[in-house]
2 protein chains.
Amino acid sequence: MTQMQDRRRAEAWLQSGGVRPTRPRMLLAALLVGDGRHRHVTAESLVDAVKDSGEKVAVATVYNTLKAFSDAGLLREITVNGTRSYFDTDTSNHAHFYWEDTGELADAGNDGAEHQIAVSNLPPAPSGTEISKVDVVIRLRRT
Amino acid sequence: MTQMQDRRRAEAWLQSGGVRPTRPRMLLAALLVGDGRHRHVTAESLVDAVKDSGEKVAVATVYNTLKAFSDAGLLREITVNGTRSYFDTDTSNHAHFYWEDTGELADAGNDGAEHQIAVSNLPPAPSGTEISKVDVVIRLRRT
DNA sequence: TTAAGTGCAAATTATTTGCAGTAAG
DNA sequence: CTTACTGCAAATAATTTGCACTTAA
């Protein structure tokens, strides 16, 4: 029942990105958006989720698929740390908290409207270019 | 004459960070801040600059030194791209343009006061943490 | 049937580390 | 003196790539 809904959402999601629903992609899509919630993943965390699901997908395929999903606009890649790429199922412009010690990443300011971050007075894109996205990362350290 | 000024600035800079002025550090400092201007470098670009200067510093030392300078608060590390770290001699919070195709990094909105980017309504740092810095990266693609 | 996708292992790339010398305070 | 720094080579770690199958359309 939940499985069924997950598959339905996953399939619709892939379709909305114009991505062919292969077996590995369906599984990854279900793990990413099956429950209808947004999440942040790394290649590693997704590989672990695959393991936990009992299915098998090659590590390289996880990497390639994350990139394919990002290219299709289904995921947003977030670079906070030279050694690991994060992917967010929420592709809108929104700020993130990043814990420098643990490497945890979370949405910032989604605890109600009063803390909606605003970036104002953006300079115009240099001629010959356009803004593809604006990343705002609030780096945190333990006190 | 210029060389002399460069050395003077480099030494003062190291001193302000409480970093011991060794031969490699003096050279790298001179390349980084000798002319009194701010710049963005990568380990690779700095290695090249060392070569051009006619001096020799081990690649590992360039990496270690960039990290040491960052730890001392003399440089600000900027992560825009999983595969390369950038270092900015301007350690203040300020936004950057990043060209996705060439990997070029530049200050944004420093063309006068009218385009001073403002990030407002920052959410409070989660308890037990404090904000170490806020990174704003405006990613550009060619049109 | 055919272009795209997958699995696996090997390759790549930026960066880090171990360790034997060197040098700064 | 003695603790930190440097150079070099080898080690890491995340990611990418090459290539022989598969599979979706």
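The values are calculated or read from the model by the stated rules, or taken from the named source; none is laboratory data. From a predicted model like this one, the values you see are computed outputs, not experimental measurements. Positions of Cβ are backbone-derived with ideal geometry, glycine not excepted, and every protein chain shown enters the neighbour counts. Ligands, DNA and RNA are excluded from the accessible area calculation, which covers all protein heavy atoms including side chains. Shrake-Rupley method; radii C 1.70, N 1.55, O 1.52, S 1.80 Å.
Would you mind working out the magnitude of the charge dipole of the protein assembly as shown relative to its Cα centre, with +1 at each Lys and Arg C-beta and -1 at each Asp and Glu C-beta, to the nearest 20 Debye?
I would put it at about 660 debye.
Using the heavy atoms of the protein chains and a 1.4 angstrom probe, tell me the accessible area per residue for the range A:39-127 in square angstrom.
Per residue, the range A:39-127 has 50 Å² of solvent-accessible surface.
Cβ under 13 Å from B:Ser92's Cβ, B:Ser92 left aside: what net charge do those residues give with Lys, Arg +1 and Asp, Glu -1?
With Lys, Arg at +1 and Asp, Glu at -1, the neighbours total -2.
Post the alpha-carbon centroid distance, the range B:1-55 to the range A:29-44, in whole angstrom.
45
How much accessible surface does A:Tyr98 have with a 1.4 Å probe, in Å² rounded to 10?
Result for A:Tyr98: roughly 10 Å² accessible.
I'd like the mean, over residues of B:124-136, of how many other protein chain beta carbons sit within 10 Å of each residue's own Cβ.
Taking the mean over all residues of the peptide, I get 6.
Any idea of the total accessible area buried by the A-B contact, 1.4 Å probe, rounded to 100 Å²?
3400
Could you tell me whether the range A:13-56 comes out rounded, prolate or oblate from its Cα gyration tensor? Rule is a ≥ b ≥ c as square roots of the eigenvalues, rounded for a/c under 1.5, then prolate if a/b exceeds b/c, otherwise oblate.
oblate
Of all DSSP beta bridges located in chain B, what percent are antiparallel, nearest 5? Provide the component values of the computation, followed by the final result.
Numbers: 11 of 15 bridges.
Expressed as a percentage, antiparallel bridges in chain B total about 75.
In the neighborhood of A:Ile131, defined by Cβ-to-Cβ distances under 10 Å, what is the net charge if each Lys or Arg adds +1 and each Asp or Glu adds -1?
Here the charged neighbours net out to +2.
Under a straight-distance cross-link criterion of Cα-Cα below 24 Å, which lysines are reachable from A:Lys51, leaving out those fewer than 8 residues away in the same chain?
A:Lys67
With just the Cα atoms defining each centre, how far is the range B:59-104 from the range A:58-95? Give it in Å.
When both Cα centres are located, 22 Å separates them.
With chain A treated as a Gaussian network of Cα nodes joined by springs under 10 Å, which of A:Arg20, A:Arg76, A:Arg39 yields the largest mean-square fluctuation?
In this elastic network of chain A, the residue with the biggest mean-square fluctuation among A:Arg20, A:Arg76, A:Arg39 is A:Arg20.
Compute the helix-to-body angle for A:43-53: its Cα long axis versus the longest principal axis of chain A, expressed 0 to 90° and rounded to tens.
Helix A:43-53 and the main axis of chain A meet at about 30 degrees.
Mind checking which of A:Pro24, A:Phe69, A:Phe87 is farthest towards the positive end of the range A:3-140's charge dipole, using Cβ charges of +1 (Lys, Arg) and -1 (Asp, Glu) about the Cα centre?
Toward the positive end, the furthest listed residue is A:Pro24.
If the cut-off is 17 Å between C-alpha atoms, which aspartates and glutamates fall inside it for B:Lys56, apart from same-chain ones fewer than 8 positions away?
Filter leaves B:Glu44, B:Asp48.
Rounded to the nearest 20 debye, what is the charge dipole size of the range A:3-140 about its Cα centre when +1 sits on each Lys and Arg Cβ and -1 on each Asp and Glu Cβ?
In debye, rounded to 20, the range A:3-140 gives about 680.
Once both axes come from the Cα atoms, what is the angle between helix B:59-71 and the longest principal axis of chain B, in degrees from 0 to 90, rounded to 10?
50
Shape verdict for the protein assembly as shown, please, from the Cα gyration tensor: rounded (a/c under 1.5), prolate (a/b greater than b/c) or oblate.
Note, shape of the protein assembly as shown comes out prolate.
Starting from the Cα gyration tensor of chain A, take the square roots of the eigenvalues, sort them a ≥ b ≥ c, and report rounded, prolate or oblate (rounded when a/c is under 1.5, otherwise prolate if a/b is larger than b/c, else oblate).
Taking the square roots of the gyration eigenvalues as a ≥ b ≥ c, chain A is prolate.
Counting alpha carbon pairs within less than 8 Å and at least 6 residues apart, what relative contact order, in whole percent, applies to chain A?
Once divided by the residue count of chain A, the mean separation gives 19 percent.
With only Lys, Arg, Asp and Glu charged, each at its Cβ (+1 for the first two, -1 for the last two), find how big the charge dipole of the range B:62-114 is about the Cα centre; round to the nearest 20 debye.
340
For every helix of n ≥ 4 consecutive DSSP H residues, a contribution of -39,500 (n - 2.57) applies; sum these over chain B, divide by its total residues, and give [θ] at 222 nm rounded to the nearest 500 deg cm²/dmol.
Numbers: 4 runs with 50 residues, N = 143.
Result for chain B: -11000 deg cm²/dmol, rounded to the nearest 500.
Kindly write out, for the range B:129-142 in residue order, the coupling ³J(HN,Hα) from the Karplus curve 6.51 cos²θ - 1.76 cosθ + 1.60 (θ = phi - 60°), rounded to whole Hz, with x marking Gly and Pro.
3J(HN,Hα) across the range B:129-142, in whole Hz: 10, 9, 6, 8, 6, 10, 9, 10, 10, 9, 8, 10, 10, 5.
Counting only protein heavy atoms and using a 1.4 Å probe, what share of the accessible area of the protein assembly as shown belongs to carbon plus sulfur, as a whole percent?
C and S fraction of accessible area: 48 percent.
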